[in-house]
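Novice: Next up is a structure, given as structure tokens.
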Amino acid sequence: MQKIYILIYFLICAGCNKKNIPESNISDQINDSSFVSQNGLLQVMGNKIVNKKNEPISFAGNSFFWSNDNWGGERYYKPEVVKWLKDDWNTTIVRAAMGVEDEGGYLDNKIANKNRVKIIVNAAIEQGLYVIIDWHSHHAEEHTDEAITFFKEMATLYGNFDNIIYEIYNEPLDISWSEIIKPYALNVISAIRAIDPDNLIVVGTPEWSQRVDLAAADPITSYINIAYTLHFYTVYHHQWLRDRSSEALENGIALFVTEWGSIGYNVIDSEADRWMNWCYANKISHLNWAVNDKEEEWSIFKPGTSTLGGWNDADLTDAGKLAKRIISTWPTTH
């Protein structure tokens, strides 16, 4: 079994990237050796995402769990967690998965959920990491006005930072790309671009972000720097989805795996190895689901694990150990 992706080790320097500082808890210390400072604003070039030197680049990192009140995962929305993931896991990107329409999400409690996102974003900026601001919804087209309001605020606060990536629709269901998702995306992208003209925007695709082929057949062309979401869980998604995704790449769109999960309950996952080799070969960034201690197969922590970092192997589930092995050894440029 090939394991190209574990042959190169990168030690990521701590630091932060600053332009115009929004009102936040971001440190005043600037470190030009930070990961984001080294790579700069991400841009889509053809079917690749490139750094400021126009080098194709891919990242490996962690997605936080739903931000919703009282769902459990919100307890890990802390700067200490971001710092430990960077220092101990070599994480180069994190994702704040802000729940929207489900109980306890943004529509129920805007202030609390938005503040959790800000905590992760501020910490990522301070640590010099990329960060995805995720509208974690399955029905985003039903809440277009709310999405526009939210992303306008995020773009105003953070649009001057190279760290920022906007994910405007997590996982659409089995709905039309051209008639529903794309029109929604154009409305939200327009609002973001009026404030932030250049940071990367990632758009979800039909059927839980697996029908990247439909987006490739009718891509967004009226705005630049747009990539498309691909999600996979190794227990369900195998070579057929890699083949579909490879075809989408060949048709010219850039993909971003903003969420993936292993088979769970096992440190050995041959399908995860196949997916990582595919991501490596195609220079695709990916984030593991999820930073949480919920008793389910994709949580990286055992129940009761500290929400302040400092974890050792005994705190990690088998899925967490597998994720750490992949993330901590991922080569960013290759």
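The values are calculated or read from the model by the stated rules, or taken from the named source; none is laboratory data. Computed from a prediction, not measured in an experiment: that's the story for all the values here. Glycine also receives a Cβ, built like all others from the backbone with ideal geometry; neighbour counts cover every protein chain displayed.
Novice: Is it the case that some residue within region 129-147 is assigned to a helix (DSSP H, G or I), among the charged types (D, E, K, R) and free of Cβ contacts under 8 Å to residues at least 24 places away in the same chain?
Specialist: Yes: one or more hits.
Novice: Is it fair to say Phe161 is part of a helix (DSSP H, G or I), of a type outside the set (S, T, N, Q) and at pLDDT 95 or above? Don't jump to the end; show me each part of the working.
Specialist: Details: part of a helix (DSSP H, G or I): no; of a type outside the set (S, T, N, Q): yes; at pLDDT 95 or above: yes.
For Phe161, the condition - part of a helix (DSSP H, G or I), of a type outside the set (S, T, N, Q) and at pLDDT 95 or above - is not met.
Novice: So, in region 75-113, exactly how many residues are under 20 Å from Asp162 (Cα atoms) and basic (Lys, Arg)?
Specialist: 3
Novice: So, in region 216-255, of the ones that are acidic (Asp, Glu) and not in a loop (DSSP other than H, G, I, E, B), which residue ends up nearest to Met45 (Cα to Cα)?
Specialist: Of everything passing the filter in region 216-255, Glu250 is nearest to Met45 (Cα to Cα).
Novice: What number of residues in region 291-300 are farther than 10 Å from Val81 by Cβ, of a type outside the set (Asp, Glu) and surrounded by 21 or more Cβ atoms within 10 Å (Cβ to Cβ)?
Specialist: Qualifying residue count, region 291-300: 4.
Novice: Is it the case that region 74-92 has a residue that's within 21 Å of Thr332 (Cβ to Cβ), polar (S, T, N, Q) and buried (at least 24 other Cβ atoms within 10 Å of the Cβ)?
Specialist: Looking for residues that are within 21 Å of Thr332 (Cβ to Cβ), polar (S, T, N, Q) and buried (at least 24 other Cβ atoms within 10 Å of the Cβ), one finds at least one in region 74-92, hence yes.
Novice: So which residues in region 193-210 are assigned to a loop (DSSP other than H, G, I, E, B) and either more than 18 Å from the chain's Cα centre (by Cα) or in contact (Cβ under 8 Å) with a residue 60 or more places away in the chain (or both), if there are any at all?
Specialist: Ala194, Ile195, Asp196, Pro197, Asp198, Asn199, Leu200, Gly204
Novice: Identify, from the list Lys182, Lys152, the residue that is in a helix (DSSP H, G or I), closer than 19 Å to Ile220 by Cα and either touching a Cys at 6+ places or on another chain (Cβ under 7 Å) or of a type outside the set (A, V, I, L, M) (or both).
Specialist: Matching residue, one of Lys182, Lys152: Lys182.
Novice: Further question: How do the pairs read when you match residues in region 303-321 that are surrounded by 15 or more Cβ atoms within 10 Å (Cβ to Cβ) with residues anywhere that are small (Gly, Ala, Ser) and at pLDDT 95 or above, using Cβ under 8 Å and keeping only pairs 6 or more apart or on different chains?
Specialist: Between residues of region 303-321 that are surrounded by 15 or more Cβ atoms within 10 Å (Cβ to Cβ) and residues that are small (Gly, Ala, Ser) and at pLDDT 95 or above, the close pairs are Asp315/Ser306; Thr317/Ser299; Ala319/Gly261; Ala319/Ser262; Ala319/Ser299; Gly320/Ser299.
Novice: If a residue must be of a type in the set (Ser, Thr, Tyr) and either in contact with a Ser or Thr (Cβ under 7 Å, 6 or more places away or on another chain) or closer than 18 Å to Ala216 by Cβ (or both), how many such residues does region 236-295 contain?
Specialist: Count: 5.
Novice: How many residues are more than 16 Å from Glu297 (Cβ to Cβ) and out of contact with any strand residue (DSSP E or B) (no Cβ under 7 Å at 6 or more places or on another chain) when one looks only at region 246-269?
Specialist: Final tally of qualifying residues: 5.
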